[in-house]
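Below is one structure, written out as structure tokens; the observations come after it.
What follows is calculated from the coordinates using simple rules that are stated; it is not laboratory data. Every value quoted in this text rests on a predicted model; they were computed, and no experiment measured them.
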Amino acid sequence: MGPIRRTLNLIAAILLTFAGLAGAVWFLFLAPVYSFRMAGASGFLMAIGMMWLYSDFIDATPNA
């Protein structure tokens, strides 16, 4: 994986993770009307971002 692609993947994975986290916190604790479906969707978005982050950067083994 090239350095530009790796950087873009890192940015996208971090954005997905934090957008999902912020959405889940908003929909669970701060929203005036509770929407558990949207909180679940935000949690799913966070999980996808964390899985992407883990598989591409934390658990990555070099191709040596």
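Please report the orientation-averaged projected area of the range 3-58, defined via the convex hull of its C-alpha atoms, in nm².
About 3.7 nm², averaged over all directions.
Go ahead and estimate [θ] at 222 nm for the chain from helices alone: -39,500 (n - 2.57) per DSSP H run with n ≥ 4, summed, over the residue count, rounded to 500. Walk me through the numbers on the way to the answer.
Numbers: 2 runs with 41 residues, N = 64.
The helix contribution divided over the chain gives -22000 deg cm²/dmol.
For helix 36-53, what angle does its Cα long axis make with the longest principal axis of the chain, in degrees from 0 to 90 and rounded to 10?
10
Cα axis of helix 3-25 to longest principal axis of the chain: angle in degrees, 0 to 90, nearest 10?
20
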